Amino acid sequence: MNLHPWLRRAAQPAFILPVLLAAALLIFAFKLGNLGEVVERVKLIPLSVLLAALGFAFVYVALKALQLHLLLANLAVRPGFGPFALAFSVGELTLTLPFGLFAQNWILSASARIRIARSAAATVVMLLTEIAVVLLLLAVIGVRGWPQLRLAVILALIVFALVIGVFVMYVHHAHRHLQRITHPLLRRMLLEGVELLTGLRRLSNPQILAGNLLIAAVYLFALLAAFFFVARGMGLPALSFVTAASIYGFALASVLLGAGLFTQIGTVEVLGMLAAHEWGINYTDGLAMMLGFRLVWTGAMWLINLPVVLVLWRSIRPTGATRIA
């Protein structure tokens, strides 16, 4: 039986397993909380809160786009407004998928003939700065019921810095090892890896990193502020911003560090509920916060990014080239 190509792709384990995992996590979350009550809480969100969340989403998207633009400029990559806007918007729409953020590098390759490994260095730095910001946040405020979390976060920051340092320094020796590789496919893969490391080393300048940490801190603050306002809008008036930042910061940090490697959907909700419970918030309220914000924020991202994709998608040229622009 011949299936349509997209059906064949959907039947592959790489697609099915993340979907099954997300479904299992959401079912677990629904078992912990009262889904019917959660739905009623979501209906309580006033229009003013939805508009505020959309405003925070615009700030988030604008600053994140600025960060990517500056990083690509530091790598001497200038794709032009159309390919850049399309790549960034696709990356934001696919963010919850496994390795979805790297979709923007594929788009830059397809539309502007920019090597995936080169532009991926900017994507990796964006990811690393986000990890650093949320870890620093958790090191300061922690989670009330987990006093050991602060120590774990501090140790993670130290290991994080050491690992990055080793990777950045390794690029000095990588070119020499490449000369010994003769297998074409292996050599090409290693060449892409070396280019990625070279890009990361170019972006490891303290001034560049400091600027990107500041930008990431501001747009992540916008994200946390949106979460706070949406949660308050669902009938949690006693929720403080620090508590909200701790809850969502823990879930986000866990996902960025690998808990969401296969799927963010379900993972964020379960982890957020567990963190909220440690702050004395029952599972139903925790599920309402996490699921309600998921719906609001996803809707805002689609409202902002989908029109860009629809307008610019035809700008992708059907070419397999991955040359540097």
Checklist outcome for this item: Quick count over the range 218-233, residues being more than 14 Å from Leu51 (Cβ to Cβ) and touching a Pro at 6+ places or on another chain (Cβ under 7 Å), is 0
Item to check | Leu54 being more than 14 Å from the chain's Cα centre (by Cα), surrounded by fewer than 19 Cβ atoms within 10 Å (Cβ to Cβ) and either under 28 Å from Met289 (Cβ atoms) or β-branched (Val, Ile, Thr) (or both) | outcome: yes
Next on the checklist: Just to check your reading of the model, which residue among Phe88, Phe84 is crowded, with 18+ Cβ neighbours inside 10 Å and under 18 Å from Ala216 (Cβ atoms)?
Outcome noted: Phe88
Checklist entry - Quick one: how many residues across the range 125-151 are surrounded by 18 or more Cβ atoms within 10 Å (Cβ to Cβ) and free of Cβ contacts under 8 Å to residues at least 40 places away in the same chain? => result 1
Checklist entry - Checking Leu54 against (1) in contact (Cβ under 8 Å) with a residue 24 or more places away in the chain; (2) in contact with a Lys or Arg (Cβ under 8 Å, 6 or more places away or on another chain), which single condition isn't satisfied? => result (2)
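Which one of Ile265, Ile281 is free of Cβ contacts under 8 Å to residues at least 60 places away in the same chain and assigned to a loop (DSSP other than H, G, I, E, B)? Give the steps one after another, and end with the answer.
Details: Ile265 fails: free of Cβ contacts under 8 Å to residues at least 60 places away in the same chain.
The conditions single out Ile281.
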Checklist outcome for this item: Here the qualifying pairs (Cβ atoms under 8 Å; residues six or more apart or on different chains; first in the range 292-315 and over 30 Å from Gly36 (Cα atoms); second charged (D, E, K, R)) come out as Asn305/Glu92
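We did not get these values from a lab; they are worked out from the coordinates using the rules stated. All values reported here derive from a predicted model rather than from experimental measurement. Note that we place each Cβ from the backbone using ideal geometry, even for glycine, and neighbour counts take in every protein chain shown.
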